[in-house]
């Protein structure tokens, strides 16, 4: 049996081949594993993979599977390949960051042309007597910073853009 799933924006292709009762040969992206399965309950099983034992609990709903492996959570979305492709095409390569309230730019941390990671601080904005780091919504290059330190900005103003 062959199938694919996506986990954290990465596709995994799985091939399952039953060798004997509760014994499988599992290929993940063409890497093979010998797996034996012991069913403990409706949603829980023990997997012995290449000699190591894993306790697995699977909870599912209409949108995703929550898979706990030795207590560590993996969330697997239920989406078709078409939905995934539509989401990738609809995602803009350039993201403009706007401010929702007026304030003053206190510090510019990143510079135009600089590569940033998702969540990395780009500038510090003071609004309502509080200083807030304004972070990049995605990894990429800062294509534009529209203000300098000391500038006042109005609500709805575009602070910077990331491509």
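The values are calculated or read from the model by the stated rules, or taken from the named source; none is laboratory data. Source: prediction; values computed, not measured. Neighbour counts are summed over all protein chains in view; Cβ atoms, including those assigned to glycine, are modelled from backbone coordinates with ideal geometry.
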Within the range 23-49, the count of residues that are over 23 Å from residue 73 (Cβ atoms) and assigned to a loop (DSSP other than H, G, I, E, B) comes to 1
The residue from 101, 130 that alone is exposed (fewer than 14 other Cβ atoms within 10 Å of the Cβ), in contact with a strand residue (DSSP E or B) (Cβ under 7 Å, 6 or more places away or on another chain) and over 15 Å from residue 163 (Cβ atoms) is 101
The residue that is farthest from residue 99 (Cα to Cα), considering only those in the range 144-163 that are within 26 Å of the chain's Cα centre (by Cα) and exposed (fewer than 15 other Cβ atoms within 10 Å of the Cβ), is 163
Those residues of the range 108-143 that are within 23 Å of the chain's Cα centre (by Cα), outside any strand (DSSP E or B) and at positive phi come to a total of 1
Within the range 35-64, of all residues that are touching a strand residue (DSSP E or B) at 6+ places or on another chain (Cβ under 9 Å), more than 18 Å from residue 4 (Cβ to Cβ) and modelled with pLDDT under 90, the one surrounded by the fewest Cβ atoms within 10 Å (Cβ to Cβ) is 51
| said: Condition check: modelled with pLDDT under 85 and surrounded by 13 or more Cβ atoms within 10 Å (Cβ to Cβ). Does residue 77 satisfy that? | reply: yes
If we keep only residues of the range 1-15 that are without any contact (Cβ under 8 Å) to a residue 40 or more places away in the chain and surrounded by 13 or more Cβ atoms within 10 Å (Cβ to Cβ), then the residue nearest to residue 67 (Cα to Cα) is 14
